[in-house]
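A.B. asks: Just passing along the structure, written as structure tokens.
Here, each number is a calculation from the coordinates, and none is a lab measurement. Only a predicted model underlies this, so the values are computations on that prediction, with no experimental measurement involved.
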Amino acid sequence: MCTCTEVIHGAVGLAKAATGIDRAEAATIEARRVICRACEHALPCVFRGLHTLGRKCKCAKCGCNLRAKTTLAGENCPDGRW
């Protein structure tokens, strides 16, 4: 279960990603996403109970949304991969 601090950190991260604040370079974002797609902790996207074409949407290790997390310059992988 998430602590209040983790929930707040996640909400701030989603807001930053949505507004483009603290955005990483495009090459960094793509490199991070390649790493996350291959990671055993990356969970598949689920839309209305259906898995969507092998996409990975959530990190099982930290619970973050991968699309948002990989976009932010100030974020890092909880497993130290990037």
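A.B. asks: Which of the three applies to segment 4-71, rounded, prolate or oblate, going by the alpha-carbon gyration tensor with a ≥ b ≥ c and a/c under 1.5 meaning rounded?
C.D. replies: It is oblate, given that a/c is not under 1.5 and a/b is not larger than b/c.
A.B. asks: Tell me, what HN-Hα J-couplings in whole Hz come from the Karplus equation 6.51 cos²θ - 1.76 cosθ + 1.60 at θ = phi - 60° for each residue of segment 26-31, using x for Gly and Pro?
C.D. replies: Values, residue by residue: 4, 5, 5, 4, 5, 4 Hz.
A.B. asks: Return the long-range amide H neighbours of Arg23 (sequence gap of 5 or more, or a different chain), with a cut-off of under 5 Å between placed amide H atoms.
C.D. replies: For Arg23, the qualifying residues are Ala73.
A.B. asks: Expressed in nm to one decimal, what extension gain is obtained for the pair Trp82 and Thr3 from 0.36 nm per residue of sequence separation less their Cα-Cα distance?
C.D. replies: 26.1 nm
A.B. asks: Quick query: amide H of Lys56 versus all other amide H atoms, modeled in the peptide plane; which residues come in under 5 Å with a sequence gap of 5 or more or a different chain?
C.D. replies: When sequence neighbours closer than 5 places are left aside, the close amide H contacts are Cys45.
A.B. asks: Between Ala15 and Glu40, what length comes free when the chain is fully extended (0.36 nm per residue of separation minus the Cα-Cα distance, one decimal in nm)?
C.D. replies: Value of the extension gain: 6.3 nm.
A.B. asks: Once phi is turned into θ = phi - 60°, what whole-Hz ³J(HN,Hα) does the Karplus curve with 6.51, -1.76 and 1.60 give for every residue of segment 61-73, x standing for Gly and Pro?
C.D. replies: Result, rounded to whole Hz: 6, 10, x, 6, 6, 5, 4, 6, 4, 5, 7, 8, 4.
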